[in-house]
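The values are calculated or read from the model by the stated rules, or taken from the named source; none is laboratory data. Bear in mind that the values here come from a model prediction, so they are computed numbers and not experimental data. Methodologically, a virtual Cβ is constructed for each residue, glycine included, from the backbone with ideal geometry; neighbour enumeration extends over all protein chains shown. Areas reflect the complete protein model, heavy atoms only, side chains present, ligands, DNA and RNA absent. Shrake-Rupley method; radii C 1.70, N 1.55, O 1.52, S 1.80 Å.
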Amino acid sequence: MKVVIIGSGNVATILGRLMKKGGHQIIEVYSRQADHAQLLADELQCGFTDKIEQIDKGADIYLFAIADSAYGTLDTRFKFGDKLALHTAAAVPISVLKNVSSNYGILYPLQSLRKEMGTIPDIPLLIDGNTEDTRADIESFALTISSVVNITNDEERLKLHVAAVFVSNFTNHLYALAFTYCKKEALDFSLLYPLINETAQRLSRYSPVEVQTGPAARKDTVTIDKHLKLLSNYPELKYLYAKLSDSIAAGQADIVI
């Protein structure tokens, strides 16, 4: 397939690499910032432009990989007739592309993507299309760049995005808080790496509920009180510790540890 990528950030870069690896031809990259478009175009060995009216009209697929907030003011000059137009956003409805093309849909990568990645991880793709035929075309295309492809509607995709924020963004924030705590207390955060890895790897074998451990899961109030006392000088951490401990204890009510 001939593809034009609209956007030049992390998602555009990683999907561009995958599409090229999958045998597709990236013919152009568009970005409002010409230097960003050129940088990605050089990597993908294709043309680039920063002018909407100059976007190549000979592509089969026009892939929007832009910030979620940008869809609210999508330029009306994006007009691609009956060519397949796709967007990659989780929290943006499929209908945002209805005036861009008569064939449109979703290709959302359920993964945390950074252009600096040396190795591209597994990327489940959540897809949808405005018609059954369009949906089938998107599925066929998606399977050339990922082995995990699921058809999801706007509501399902948004709910999965909520779950993704919990398991990725919030979890990483907790890592950041722990890192800062260790630094201030002159502790070696790297000693926690094996624990971080083990906790993540368990999830491939068990449900998170089955492997919940720690003082809150055990109702060990003595240890919890000691921890809270230690955190007296870190009110944000103390608050989060107490709230998360309460949540764990409530969730473990019917489970024997």
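The table below gives the values:
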item	result
Close pairs (9 angstrom Cβ cut-off, 6 or more residues apart or separate chains): charged (D, E, K, R) in the range 232-244, surrounded by 12 or more Cβ atoms within 10 Å (Cβ to Cβ) anywhere	236/177; 238/227; 238/228; 238/230; 238/231
Residue satisfying condition, being surrounded by 12 or more Cβ atoms within 10 Å (Cβ to Cβ) and without any contact (Cβ under 8 Å) to a residue 24 or more places away in the chain, within set 189, 78	189
Residue check, residue 229 assigned to a loop (DSSP other than H, G, I, E, B) and of a type in the set (Lys, Arg)	no
Filtered residue count, the range 71-89, keeping only those that are in contact with a strand residue (DSSP E or B) (Cβ under 8 Å, 6 or more places away or on another chain) and at pLDDT 95 or above	10
Search result, residues across the range 131-146 that are farther than 20 Å from residue 160 by Cα and of a type in the set (S, T, N, Q)	131, 134, 140, 144
Subset of the range 81-130 (residues that are crowded, with 17+ Cβ neighbours inside 10 Å, hydroxyl-bearing (Ser, Thr, Tyr) and in contact (Cβ under 8 Å) with a residue 40 or more places away in the chain)	88, 108
Among residues of the range 238-257, those that are buried (at least 16 other Cβ atoms within 10 Å of the Cβ) and either modelled with pLDDT under 95 or among the basic types (Lys, Arg) (or both), counted	4
Near pairs, Cβ below 6 angstrom, 6+ apart or cross-chain, from the range 155-184 (part of a helix (DSSP H, G or I)) to any residue that is open to solvent by 60 Å² or more (accessible area, probe 1.4 Å)	168/112
Residues of the range 206-226 that turn out to be part of a helix (DSSP H, G or I), aliphatic (A, V, I, L, M) and open to solvent by less than 60 Å² (accessible area, probe 1.4 Å), as a count	1
Selection from the range 185-205 of residues that are assigned to a helix (DSSP H, G or I) and either of a type in the set (Val, Ile, Thr) or at positive phi (or both)	196, 199
Subset of the range 41-74 (residues that are of a type in the set (Phe, Trp, Tyr), closer than 13 Å to residue 5 by Cβ and either open to solvent by less than 40 Å² (accessible area, probe 1.4 Å) or assigned to a helix (DSSP H, G or I) (or both))	62, 64
Conditions (1) at pLDDT 95 or above; (2) assigned to a loop (DSSP other than H, G, I, E, B); (3) more than 15 Å from the chain's Cα centre (by Cα); number of the one not met by residue 123	(3)
Residue list for the range 1-40, filter: assigned to a helix (DSSP H, G or I), under 25 Å from residue 137 (Cα atoms), open to solvent by 10 Å² or more (accessible area, probe 1.4 Å) and not hydrophobic (A, V, I, L, M, F, W, C)	10, 17, 20, 21
